[in-house]
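Comments concern the structure below.
The values are calculated or read from the model by the stated rules, or taken from the named source; none is laboratory data. Owing to the predicted nature of the structure, the values given are computational and were not obtained by experimental measurement. When we count neighbours, we look across all protein chains shown, and the Cβ atoms used for this are built from the backbone with ideal geometry, even at glycine.
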Amino acid sequence: MKDLALDQLRTLVAVIDEGSFEAAAAALRVTPSAVSQRVKALEAATGRVLVRRTRPVVMTEQGAEVLRLSRQVDLLVRELRPSRAEDTPPTVAVVVNADSLATWFLPSVAPVLDRVRIDVQREDERHSLARLRDGSALAAVSAEAERVPGCSVTALGTMRYRAMASPAFIDRWFADGVSPASLARAPFVNFDRVDDLQRRFVRSVTRDRTDPPHHYVPGSDAFREAIRLGIGWGMLPALHATDLEASGAVRAIAADARADVRLFWHQYQLESPALAVLSEAVREGAGLHLR
């Protein structure tokens, strides 16, 4: 492999983040032709096809390793430059699940965002490590404890979810309590097609693969509102349901209807002050908010 040029590595990051050569050119303040030439030169140097020229561009499997290197080198080089008053802090790409993003994550990192910028990518907590492996991010909140090569793992705590619904919904569907029969009939709300919290709770009660009627409502606030409106029952984070429960707008469908999800912080092991500041804030915030 030939020596890799810094401008080529930065250009690859911009192409993937912006989704096209033209958008990357605008972000880098160069011409689309220059972006194309840099990517071609990087591909020639590595001997790999790094991106598929689609709309949006798609990174190849061979490109994932180069993208990881590109993000890490870019972050470290930016931090090595002498700082000036007009400089913006370095940016760290981080993967966070929607419920953490809607509850504890932003209050935790807000105090340090004058020293580091964040590029948050939303992903289900059970699928977030794929974004680390393919080079999309340098850190992630995940429900998986498995260590990604080159990363460290820290346990953050447990996020408690409770199966909740509006009082009217409970009166209609669970008047005789939660049972395999009532769960098979009562509609529930799914966040998206990778969200399996509701189905896992159903299986824990029914002991089979019953698939009740359900709705898809993406977005933590919209999901919460759907439950409040009686569209279905769903697993709400305790951190996100306190006010609704206090007002009587929702309540648990059964006293023991809950699930606990352990969360972990994964980060690439880089000597990066920005990544260290962000990681410390995440760990401290999790200690305050999570179980």
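Details
- Residue within the range 122-129 that is at pLDDT 90 or above, touching a Pro at 6+ places or on another chain (Cβ under 9 Å), surrounded by fewer than 20 Cβ atoms within 10 Å (Cβ to Cβ) and outside any loop (DSSP other than H, G, I, E, B) present: no
- For the range 95-111, the criterion of being farther than 27 Å from Asp192 by Cβ and in contact with a strand residue (DSSP E or B) (Cβ under 9 Å, 6 or more places away or on another chain) is met by no residue.
- Of residues in the range 208-267 being in contact (Cβ under 8 Å) with a residue 24 or more places away in the chain and among the polar types (S, T, N, Q), the one surrounded by the fewest Cβ atoms within 10 Å (Cβ to Cβ): Thr210
- Per-region count, the range 101-121, residues assigned to a loop (DSSP other than H, G, I, E, B) and in contact (Cβ under 8 Å) with a residue 40 or more places away in the chain: 4
- Checked against (1) among the hydrophobic types (A, V, I, L, M, F, W, C); (2) touching a residue at least 40 places away in the same chain (Cβ under 8 Å); (3) farther than 22 Å from Arg262 by Cβ, Ala137 passes all but a single condition, namely (3).
- If the condition is being part of a loop (DSSP other than H, G, I, E, B), surrounded by fewer than 19 Cβ atoms within 10 Å (Cβ to Cβ) and not polar (S, T, N, Q), then the range 29-82 contributes Arg29, Val30, Gly47, Arg48, Val49, Arg53, Arg55, Pro56, Arg81, Pro82.
- Residues considered: Gln72, Gln62. Of these, the only one that is of a type outside the set (Phe, Trp, Tyr) and under 30 Å from Glu280 (Cα atoms) is Gln72.
- In the range 191-243, the qualifying residues are those that are in contact with a helix residue (DSSP H, G or I) (Cβ under 6 Å, 6 or more places away or on another chain), closer than 23 Å to Gly177 by Cβ and among the polar types (S, T, N, Q), and the one that is modelled with the highest pLDDT is Thr206.
- Of all residues in the range 208-237, those satisfying the criterion of being aliphatic (A, V, I, L, M) and either touching a strand residue (DSSP E or B) at 6+ places or on another chain (Cβ under 8 Å) or closer than 14 Å to Asp99 by Cβ (or both) are Val217, Ala222, Ala226, Ile227, Ile231, Met235, Leu236.
- Glu284 being touching a Lys or Arg at 6+ places or on another chain (Cβ under 8 Å), surrounded by fewer than 16 Cβ atoms within 10 Å (Cβ to Cβ) and among the acidic types (Asp, Glu): no
- Some residue of the range 56-76 being at pLDDT 90 or above and either under 28 Å from Pro218 (Cβ atoms) or among the polar types (S, T, N, Q) (or both): no
- Here Ala140 fulfils each of the conditions (1) outside any strand (DSSP E or B); (2) crowded, with 19+ Cβ neighbours inside 10 Å apart from (1).
- Residue that is nearest to Leu229 (Cα to Cα), among those in the range 173-207 that are without any contact (Cβ under 8 Å) to a residue 12 or more places away in the chain and more than 28 Å from the chain's Cα centre (by Cα): Ala175
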